[in-house]
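Read the structure below first, then the notes.
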Amino acid sequence: MNAIVIMAKAPIPNRVKTRLTPPLKPEEASLLYHNFLLDKLEQVKSIEAHRYVAYTPQTSESFFRSIMPPGFSLISQKGEDLGEKLSNVSNGLFAQGAEKVVMLDSDTPNLPTDPIREALSGLDEVDVVLGPCEDGGYYLIGMRSWVQELFRGIPWSTADVAKMTVKKAHALSLRVLLLERWYDVDTIIDLKRLKRDLGQPAENYFFCENTYRAISSLHI
């Protein structure tokens, strides 16, 4: 089977999108992220694969069940940092028989759908697929076997995450496919950019309708 996983946090004020506060209020930032999640679910449900949401904290299972469309399953994130969580999620899915695992962030609401499909097809030819973010992280990582080392010793939340991951993959003699760069929405500058982009014809991005409505109600 092919597995696509959305890595997600519960939209709790002061726990998500904290770099947007101020100028946003914590409740506005959490509602915005809630809409990011709704749009990512909408996007992924159009892709042929086994679909999952890997959620945190563990107490938020009922919330995620309330927003998931049919055809998704839930996985609880476990680990001390993002690396451990990604490693554990992918390890569990490969142990269940997955042949390809693609894990997505939930901070790129207008990411085009094509790179996600390209990740799945690309894993026919390579071992690792990475979707780099403009800030140095990545919005997607895909593998066709569990490689724990890819998630060890990475300086998470820095500009070196994608670069170090590629370096580790090459050191392990793994073939890597790099997808197009995209931007995640962490700061008010990112959010203003997203608002501008959503005002353009939706030819080169995914039109995230829920996020668009949420941004339209904000004074930014």
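Below is a table of values for the structure above.
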read-out	value
Answer from LEU172, LEU140, LEU86 - the residue that is closer than 19 Å to VAL53 by Cβ, of a type in the set (A, V, I, L, M, F, W, C) and either in contact (Cβ under 8 Å) with a residue 60 or more places away in the chain or surrounded by fewer than 21 Cβ atoms within 10 Å (Cβ to Cβ) (or both)	LEU86
Options LYS25, LYS9: the member that is basic (Lys, Arg), crowded, with 17+ Cβ neighbours inside 10 Å and at pLDDT 95 or above	LYS9
Condition met for GLU80 (surrounded by 15 or more Cβ atoms within 10 Å (Cβ to Cβ) and either farther than 27 Å from ILE154 by Cα or acidic (Asp, Glu) (or both))	no
Given (1) touching a strand residue (DSSP E or B) at 6+ places or on another chain (Cβ under 6 Å); (2) among the basic types (Lys, Arg); (3) farther than 22 Å from TRP156 by Cα, number of the condition LYS9 does not satisfy	(3)
Residues located in the range 48-61, provided they are assigned to a loop (DSSP other than H, G, I, E, B) and surrounded by 15 or more Cβ atoms within 10 Å (Cβ to Cβ)	ALA49
Residue list for the range 177-192, restricted to those being closer than 28 Å to GLY122 by Cβ and either of a type in the set (Gly, Ala, Ser) or surrounded by 15 or more Cβ atoms within 10 Å (Cβ to Cβ) (or both)	LEU177, LEU178, LEU179, TRP182, TYR183, ASP184, VAL185, ASP186, ASP190
When residues of the range 1-33 are limited to those that are touching a residue at least 24 places away in the same chain (Cβ under 8 Å) and either among the hydroxyl-bearing types (Ser, Thr, Tyr) or in a helix (DSSP H, G or I) (or both), the one nearest to MET143 (Cα to Cα)	TYR33
Flag for ALA162 being among the aliphatic types (A, V, I, L, M), buried (at least 16 other Cβ atoms within 10 Å of the Cβ), in a helix (DSSP H, G or I) and under 16 Å from the mean Cα position of the chain (by Cα)	yes
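The values are calculated or read from the model by the stated rules, or taken from the named source; none is laboratory data. From a predicted model like this one, the values you see are computed outputs, not experimental measurements. Counting neighbours? That spans all protein chains shown, and the Cβs are built from the backbone with ideal geometry, glycine included.
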